[in-house]
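Visitor: This is the structure I want to talk about, given as C-alpha cells.
The values are calculated or read from the model by the stated rules, or taken from the named source; none is laboratory data. In this text the structure is predicted, and so the values were computed from the model without any measurement. In this analysis, Cβ positions are derived from the backbone assuming ideal geometry, glycine residues included, and neighbour counts consider all displayed protein chains.
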Amino acid sequence: MKSRIFILSLTTIALIAIGAIFWYRLERRHHIEIDSQLYPISGIDVSAHNGDIDFIKIAQSGIDFVFIKATEGATFKDVRFHSNYNNAREAGLKVGAYHFFKFNTDGNLQALNILHCLKEKSLDLPFVIDIEEYTNDKNTPTEDVILQLSALINTLQDYNLPIMLYSNKKGFTRFIKGRFDEYPLWICSFTNPPIDGEWLFWQYSHKGSVEGISGDTDLNTFNGSREDWEHWIGSILSISQ
C-alpha cells in the first residue's frame, strides 16, 4: 500500500512538473530576451486594446519610441489614436503610426483612410503598413494582395510619406521579400537572429511588461547603437520636412 501511494505521489508530481513546463513554454512562445548591449534602443507598439496608457511613466522607464495604431482597411480608425498620439508626443517619445492592411480592400481607399487620419500630424518614424495573414483571408491570391498593397504604397508616396513595412516571417516571405525590398523592414520574430536578411526594427515579444501599461505589451528594438539611432532619426526627419 505504501509503495502504491509513493508511486502515485511521484506520478502526480511528475504530471504537475510537465504541466508547468508546458504552460511556461506556451506562455513564453511569443517572447524572447534580447541583449540590451547589442540593442540599446527600446520601443513599444500600442492600440486601443492596450486601454489607458501612462506615456509619462513609459518615457521615464527608458522607452525610446512608440508605434501607435492609426487605421485599418478603408474605414476603420483606432478610437485612441489621437489621444495616444498627443500623450506620447507630450511625454517626449519618438512617435510612429501604423495601418493594418486588409487583403480584400482597395489599396487607394485604404490610403485615403490613412491620410485622413494623419491630417496635420507629424511623425518621427516612417509610417508602417502591417501586412499579415492574421484576420485576413489567407486564401486570397498573393498577386491580388500585392496589387492592392502596391496601390496603397504608391498613393502614400504621392504625399511624400516615408514608409516602412511590418510583417512576421511568413508574411515577409510571401509578400515582401523580392518585391518591396527597398522599404525598411520591421520584422516580428521570436528567434535570435530574427530573420536571415536586413531589418530595421524587431518586434521580439507580445508578452512584455512596461511601466504605464496594464497587461501584456509588444516590445521592439532598433537595429543599431544609440549613435546609429540618433543619426537615423535625423535622416528621417529631414526627409519628412
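Visitor: Out of G19, G107, report the one residue that is more than 19 Å from the chain's Cα centre (by Cα), farther than 21 Å from E230 by Cα, at pLDDT 95 or above and among the small types (G, A, S).
Guide: G107
Visitor: Out of the residues in segment 218-241 that are surrounded by fewer than 22 Cβ atoms within 10 Å (Cβ to Cβ) and of a type in the set (S, T, N, Q), state the one that is modelled with the lowest pLDDT.
Guide: My answer is Q241.
Visitor: For segment 55-94, what are the residues that are of a type in the set (D, E) and either crowded, with 16+ Cβ neighbours inside 10 Å or assigned to a loop (DSSP other than H, G, I, E, B) (or both)?
Guide: Matches in segment 55-94: D64, E72, D78.
Visitor: For segment 123-146, name all the residues that are more than 18 Å from L200 (Cβ to Cβ) and either buried (at least 17 other Cβ atoms within 10 Å of the Cβ) or of a type in the set (V, I, T) (or both).
Guide: Those that are more than 18 Å from L200 (Cβ to Cβ) and either buried (at least 17 other Cβ atoms within 10 Å of the Cβ) or of a type in the set (V, I, T) (or both): E133, T135, N136, T140, T142, V145, I146.
Visitor: On the basis of being buried (at least 21 other Cβ atoms within 10 Å of the Cβ) and modelled with pLDDT of 95 or more, does L149 make the cut?
Guide: yes
Visitor: Any idea which of S225, S209, S214 is within 27 Å of H49 (Cα to Cα) and in contact (Cβ under 8 Å) with a residue 24 or more places away in the chain?
Guide: Of the residues listed, the single one that is within 27 Å of H49 (Cα to Cα) and in contact (Cβ under 8 Å) with a residue 24 or more places away in the chain is S214.
Visitor: Here is a follow-up. Filter segment 96-130 down to the residues that are farther than 13 Å from I163 by Cβ, part of a loop (DSSP other than H, G, I, E, B) and among the aromatic types (F, W, Y) and list them by number.
Guide: F103
Visitor: Please enumerate the residues belonging to segment 103-112 that are under 23 Å from Q203 (Cβ atoms) and touching a Phe, Trp or Tyr at 6+ places or on another chain (Cβ under 9 Å).
Guide: Q110
Visitor: Looking only at segment 111-119, decide whether some residue is touching a helix residue (DSSP H, G or I) at 6+ places or on another chain (Cβ under 9 Å), modelled with pLDDT of 95 or more and over 23 Å from L93 (Cα atoms).
Guide: yes
Visitor: Tell me, which residue of segment 104-120 that is touching a Lys or Arg at 6+ places or on another chain (Cβ under 9 Å) and surrounded by 14 or more Cβ atoms within 10 Å (Cβ to Cβ) is nearest to Y85 (Cα to Cα)?
Guide: C117
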